[in-house]
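As structure tokens, the structure follows; a few thoughts come after it.
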Amino acid sequence: GENVEQHPSTLSVQEGDSAVIKCTYSDSASNYFPWYKQELGKRPQLIIDIRSNVGEKKDQRIAVTLNKTAKHFSLHITETQPEDSAVYFCAANNYGQNFVFGPGTRLSVLP
Amino acid sequence: DSGVTQTPKHLITATGQRVTLRCSPRSGDLSVYWYQQSLDQGLQFLIQYYNGEERAKGNILERFSAQQFPDLHSELNLSSLELGDSALYFCASVAIGELFFGEGSRLTVL
């Protein structure tokens, strides 16, 4: 079955700096890669996603890149703000099948 | 609001007891996924249903069971509860390939 690894497990950055979180997956059949942000005690919320026919996608300060050959994808957050502090989860999915999540990255943006 | 409804939001019970968690997916969504999240841990996949039938099963304990009813709501039954079952239990449904989570049911086993 699919296995998703995620690094780093914790990340601290200064406000205004960039943050990068990397994930790798094992199943080449996976074709959808969402990123979720989870604030303490709340539900995970989708922040950006990418499908396997696209190499990069941007939404304001957030971008995701995908390398299908290497089976890895990354989340990039630029100009970080304190409200970006949260746990971020990557996931891999083959349409109609289970979503497999990475173990999460706790991002702290220091003022 | 994701459109996925979970009840109860909080539940406190004792070891050895049995509880039922309920989930109503977004209107029109046929899939329901259940995830367990223990304190400061990741999202552990439990089970997936599609239009009433079990589609995939994760590391779900034998003490746990689930079903999806004809009206598409789902229930997760947890029995012979142990302290380690204390967690947030999330239900999610899928629309156009995107997974939407409910607010979760926080179970505390004392």
Next on the checklist: On a full-extension model of 0.36 nm per residue, what is the gain between A:Ala70 and A:Ser26, subtracting their alpha-carbon distance, rounded to one decimal in nm?
Outcome noted: 14.9 nm
Checklist entry - Near the amide H of B:Ser86, under 5 Å away, which other amide H atoms are found, from residues 5 or more places off or on another chain, if H is placed in the peptide plane? => result B:Val109
Checklist outcome for this item: log10 I(q)/I(0) for chain A, Debye formula on C-alpha points only (no solvent), q = 0.19 Å⁻¹, two decimals, reads -0.92
Checklist outcome for this item: Summing +1 per Lys or Arg and -1 per Asp or Glu among the other residues with Cβ less than 12 Å from B:Ser65's Cβ gives 0
Item to check | Nitroxide proxy distance, nm - points 7 Å out along Cα→Cβ at B:Glu54 and A:Asp59 | outcome: 3.4
Item to check | Separation in nanometres of the label points that stand 7 Å from Cα toward Cβ, at A:Arg106 and A:Asn94 | outcome: 3.4
Item to check | Semi-axis lengths, Å, segment B:1-46, gyration tensor of Cα atoms, sqrt of 5 times eigenvalues | outcome: 22, 15, 10
Checklist entry - ³J(HN,Hα) across segment A:16-21 via Karplus (A = 6.51, B = -1.76, C = 1.60, θ = phi - 60°), whole Hz, x for Gly/Pro? => result x, 7, 9, 10, 10, 10
Item to check | Spacing of the two label points (7 Å from each Cα toward its C-beta) at B:Glu75 and B:Ile96, in nm | outcome: 3.4
Checklist outcome for this item: Short to long, in 10 Å steps from zero, the percent of alpha-carbon pairs of chain B per bin is 16, 52, 28, 4
Checklist outcome for this item: Taking only the Cα positions of the protein assembly as shown, the convex hull volume per residue in Å³ is 118
Next on the checklist: With a cap of 11 neighbouring Cβ atoms within 10 Å, and only residues DSSP puts in a loop, list the GluC sites (Glu not before Pro) found in segment B:1-76.
Outcome noted: B:Glu62
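Only the coordinates and a few stated rules stand behind these numbers; no lab work does. Note that this is a predicted model, so its numbers are computed, not measured. Virtual Cβ from ideal backbone geometry, glycine too; neighbours counted across all protein chains shown.
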